[in-house]
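Student: Mind having a look at this structure? Questions to follow.
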Amino acid sequence: MGLVARHAEAAGIPTLCMTSAQDITRAVNPPRAAFLDFPLGYTAGKPHAPDLQRRILVEALSSFETMTAPGSMKDLPFRWSEDEEWKAKAFAEGDDRRPRHDTPQYQNEEDRRRAEQGDLPSCPACRT
């Protein structure tokens, strides 16, 4: 994604890469990135935690206001758990993300209904 982000930036489109893989992101060197120390696949937050997901997104998007140096990376202040045991488990057991699908997957039936009807909630942070 860093290569795509650099191309978009060259065309005048500001970008922000969200990542849980700090070393890989530094190697790719996108124009700006927000690092979240969460397991891979959970870069936008924990499942079924919309308030946390919203706070993560708002904090990440605030990076546009402060990150002006190319290649900047901001560490987001959220933690997966009180201790770091999840990291040892993730390394020992490997990637346990669900398989990818070519059709939309929803957290619950209400999310599916709202998405299909276009009945999406407004975002107070975005003022929409």
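The values are calculated or read from the model by the stated rules, or taken from the named source; none is laboratory data. Here the structure is a predicted model, which is why all the values come from computation and not from measurement. Every residue, glycine as well, gets a Cβ built from its backbone with ideal geometry; the counts of neighbours run over all protein chains shown. These area figures cover heavy atoms from the full protein model, side chains too; ligands, DNA and RNA do not enter into them. Shrake-Rupley method; radii C 1.70, N 1.55, O 1.52, S 1.80 Å.
Student: Identify all residues within segment 1-39 that are under 20 Å from PHE78 (Cα atoms) and assigned to a loop (DSSP other than H, G, I, E, B); write none if there are none.
Tutor: Once the filter is applied, which keeps residues that are under 20 Å from PHE78 (Cα atoms) and assigned to a loop (DSSP other than H, G, I, E, B), segment 1-39 yields LEU16, SER20, ALA21, LEU36, ASP37, PHE38, PRO39.
Student: Something else about it: If a residue has to be in contact with a strand residue (DSSP E or B) (Cβ under 8 Å, 6 or more places away or on another chain) and open to solvent by 90 Å² or more (accessible area, probe 1.4 Å) to count, how many in segment 71-84 make the cut?
Tutor: So the answer is 1.
Student: May I ask you to verify whether TYR42 is part of a loop (DSSP other than H, G, I, E, B), under 22 Å from VAL4 (Cα atoms) and of a type in the set (Ser, Thr, Tyr)? Quick ask: steps written out before the conclusion?
Tutor: Working: part of a loop (DSSP other than H, G, I, E, B): yes; under 22 Å from VAL4 (Cα atoms): yes; of a type in the set (Ser, Thr, Tyr): yes.
So TYR42 passes the test.
Student: On to the next question. Considering each of PHE91, PHE35, PHE64 in turn, give the residue that is free of Cβ contacts under 8 Å to residues at least 60 places away in the same chain, out of contact with any Cys (no Cβ under 9 Å at 6 or more places or on another chain), open to solvent by 90 Å² or more (accessible area, probe 1.4 Å) and aromatic (Phe, Trp, Tyr). Break it down into steps so the answer makes sense when it comes.
Tutor: Values: PHE35 fails: open to solvent by 90 Å² or more (accessible area, probe 1.4 Å); PHE64 fails: open to solvent by 90 Å² or more (accessible area, probe 1.4 Å).
Among PHE91, PHE35, PHE64, only PHE91 is free of Cβ contacts under 8 Å to residues at least 60 places away in the same chain, out of contact with any Cys (no Cβ under 9 Å at 6 or more places or on another chain), open to solvent by 90 Å² or more (accessible area, probe 1.4 Å) and aromatic (Phe, Trp, Tyr).
Student: Right, here's the next one. Please go through segment 106-121 and give me each residue that is modelled with pLDDT under 80 and surrounded by fewer than 10 Cβ atoms within 10 Å (Cβ to Cβ), ordered by number.
Tutor: If the condition is that a residue be modelled with pLDDT under 80 and surrounded by fewer than 10 Cβ atoms within 10 Å (Cβ to Cβ), then GLY118, ASP119, PRO121 are the ones that fit.
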